[in-house]
Structure formats: C-alpha cells, structure tokens
Amino acid sequence: MTFEAFYLPAAVGQRFCLFHQPDAETARRGAVLYIHPFAEEMNKSRRMASLQAKALAHAGYAVLQIDLHGCGDSSGDFGEASWEGWIEDVVLACAWLQQRNDTVLWLWGLRTGCLLACAAAARIDQPSKLLLWQPVVSGKQFLQQFLRLRIAGEMHVGDSKGLMDRLREQLAQGESVEIAGYLLSSAMANELGRAELSPSAHSAAQIEWIELSGKPDGDLSPLASTRLDLWKSVGLSARGSTVYGPAFWQTAEIAECPALLEASMLAMSAVFAK
C-alpha cells in the first residue's frame, strides 16, 4: 500500500487530501471517497476514518480522504464555507478519483457526510455506491442539535434562557454565530437546514447503511428501517445493519469500533438484488 498527501486545487483555494493506493500486486476492487462529518465530529472521527481507509486499501480499494473547504488543513476558515461549496468539493474529489481509477465508485459518508454524499452522487456522470455510517437524515434536525451545543455551554452562567430564539434570529438576519468554537454562517445554516438524505435510483447503485448500537444485539432504528423500506419500494438496492460500539464521533476521548470496520468491508463486498 502506498500513501500520498497532497493539495487538490479547487475553485477557491486548495483542499488537503490523503490518498491510499493498493500495492501493485493487489487486485483493484474499486475507488472510495471518504466524506467527513460536521465541525468537531470530524476531528473525533479521524482515527476511525484512517483505520478504515487503510483497511480498504489493503483489500484493493483506492481511497481518497478530503478535508472540505474551511476544514482541517484545507484553505479557508470554517465560517467562510458553504454547504453548496462542500458538495462541489465532493464532486471535484470524485472526478479526481475517476480519472485515475476506472472502477466502481463508492461514496463513504459519516453523519452529515452522508447528506453530502447523496447530493454529490446526483451530480456525477455514473451511478455510485453509498456506504453510510450513522447517517444524518435531516439537516434541519442536525442544525437544531448543533445549536443546542451553544445552549449547553452557557447554562452554567445562567444565560441560556431564550438563547435558541436569539441564535435563530441572528442567523435569519444574515449574521454568523459561534457554536462550540466554530463560526456558523447564516448561509451555511440555511443550506444545511434544507438538506435531506434522499438518494435516487439514477445516482445510487447500492446503499449500505450501518448504525452503531449500545447493545450487542441492537436493532436498526425505526427511522432507518422506515427510510430503507421507502428506498427499496422505489427500486433502490438498500440494506441496513447494526454493530455494537461507541459513538466515536462524539465521545470525550478518541474511540475505535473494530466491528464497524469489519462490517463495512463485508457490506461493500456483498452483492444483492433489488
């Protein structure tokens, strides 16, 4: 396996990328683009993303990890980024991968990265496969949860009453707000709030939805089951599964979930009928 770090030129600035290439003797099985989650969830997830990328490369997949605009080591600040710009980053990364790998393309998203994966899949010129880790279904609901981080941070000083309404008003007026150390722009909030997890039969050739459970024998969430049934009813090849492990994107300490790595490899190698 070879490993390369580089900057990918974009419409505005550059995007930091990590590229994991299988060794010459390993049969090529596909190309994978990892799409990271929102704000601090990205940092909490770096360890798991790295472990999965390396495991995929050893198995024959070419894997590209990209830091979106304003995130990680890419150009710009978080407060300057937009949701639309992030979708364009994903499309750009897909094009880079497709130019170098004439194989099946997987978009692997974590949390809000799943929303971006579905949006980008609709804009590329071939159906792709989706690996969705603990997907966020509603950008509006996620935004509400993200804003609550500010409320939780100010409860100890007794200044949280009416704060949610004030934050919403600021965003509605075109102002940015600071949430847990990240500057959230009005434009980002508006675009994120309209995002929905909605792959189409035209853009998604296969969907693997994997959730983490706090129980060894946990079931898929009702939301996941309902959404998967809906997708299958319109002709999508969609399947869901659960693994036992910690919610590593939000744990206080960096955490690993080996079962998720194994489940992902099995899911990606599976072939099933619609």
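Would you confirm, using the coordinates I've provided, whether Ser225 is in contact with a helix residue (DSSP H, G or I) (Cβ under 9 Å, 6 or more places away or on another chain) and among the small types (Gly, Ala, Ser)?
Here the answer is no, as Ser225 does not meet what is asked.
With the structure loaded, tell me whether Ala247 is within 24 Å of Met42 (Cα to Cα), assigned to a loop (DSSP other than H, G, I, E, B), among the small types (Gly, Ala, Ser) and modelled with pLDDT of 95 or more or whether it fails that test. Considered against the rule, which asks whether it is within 24 Å of Met42 (Cα to Cα), assigned to a loop (DSSP other than H, G, I, E, B), among the small types (Gly, Ala, Ser) and modelled with pLDDT of 95 or more, Ala247 comes out as yes. Taking Asp165 as the residue in question, decide whether it is closer than 30 Å to Ser233 by Cα, of a type in the set (D, E, K, R) and surrounded by fewer than 19 Cβ atoms within 10 Å (Cβ to Cβ). When the stated conditions are applied, Asp165 does not pass them. Of everything listed in (1) at pLDDT 95 or above; (2) in the same structural domain as Ile151 (by TED's automatic domain parsing); (3) touching a Leu at 6+ places or on another chain (Cβ under 8 Å), the single unmet condition for Leu220 is (2). Among residues of the range 46-85 being touching a Phe, Trp or Tyr at 6+ places or on another chain (Cβ under 6 Å) and polar (S, T, N, Q), the one that is surrounded by the most Cβ atoms within 10 Å (Cβ to Cβ) is Gln65. With the structure loaded, tell me whether Leu236 is closer than 20 Å to Pro127 by Cα and part of a loop (DSSP other than H, G, I, E, B) or whether it fails that test. So Leu236 passes the test.
Elements of the type helices (runs of 4 or more DSSP H) sitting completely within the range 139-228 and holding at least 3 residues that are among the small types (Gly, Ala, Ser): these cover 139-154, 186-194.
Screening Ala27, Ala11 for residues that are more than 21 Å from the chain's Cα centre (by Cα), within 23 Å of Glu88 (Cβ to Cβ) and in a loop (DSSP other than H, G, I, E, B) leaves exactly one candidate, Ala11.
Report, by residue number, each residue of the range 86-107 that is aliphatic (A, V, I, L, M) and either buried (at least 23 other Cβ atoms within 10 Å of the Cβ) or part of a helix (DSSP H, G or I) (or both).
In the first step, residues of the range 86-107 are kept if they are aliphatic (A, V, I, L, M); the result is 87, 90-93, 95, 97, 104-105, 107.
Ile87, Val90, Val91, Leu92, Ala93, Ala95, Leu97, Leu107, listed by residue number.
Of all the criteria given as (1) in the same structural domain as Gln250 (by TED's automatic domain parsing); (2) over 29 Å from Ala53 (Cα atoms); (3) hydroxyl-bearing (Ser, Thr, Tyr), the one not satisfied by Ser128 is (2).
Please verify whether the range 100-119 includes one or more residues that are farther than 25 Å from Ala224 by Cα and out of contact with any strand residue (DSSP E or B) (no Cβ under 6 Å at 6 or more places or on another chain). Yes, that holds for at least one residue.
Pairing residues of the range 183-209 that are of a type in the set (Val, Ile, Thr) with residues that are in a loop (DSSP other than H, G, I, E, B), at Cβ distances under 7 Å and at least 6 apart in sequence or on separate chains, gives Ile207/Pro199; Ile207/Leu236; Ile207/Ser237.
For the condition part of a strand (DSSP E or B), in the same structural domain as Ala49 (by TED's automatic domain parsing), within 20 Å of His36 (Cα to Cα) and at pLDDT 95 or above, Glu262 does not qualify.
So which of Leu56, Leu51 ends up being part of a helix (DSSP H, G or I) and closer than 19 Å to Gln98 by Cβ?
Of Leu56, Leu51, the one residue that is part of a helix (DSSP H, G or I) and closer than 19 Å to Gln98 by Cβ is Leu56.
Scanning the range 90-132 for residues that are of a type in the set (Phe, Trp, Tyr) and in contact with a Lys or Arg (Cβ under 7 Å, 6 or more places away or on another chain) yields a count of 1. Consider the range 168-213 and keep the residues that are of a type in the set (Gly, Ala, Ser) and farther than 30 Å from Trp106 by Cβ. The one that is surrounded by the most Cβ atoms within 10 Å (Cβ to Cβ) is Ser185. May I ask you to list the residues in the range 30-48 that are in a loop (DSSP other than H, G, I, E, B) and in contact with a strand residue (DSSP E or B) (Cβ under 7 Å, 6 or more places away or on another chain)? Passing the criteria: His36, Pro37, Ala39.
The values are calculated or read from the model by the stated rules, or taken from the named source; none is laboratory data. Treat the numbers as computed from the prediction; the structure is a model and nothing was measured. Please note: Cβ atoms are built from the backbone with ideal geometry, for glycine as well, and neighbour counts cover all protein chains shown.
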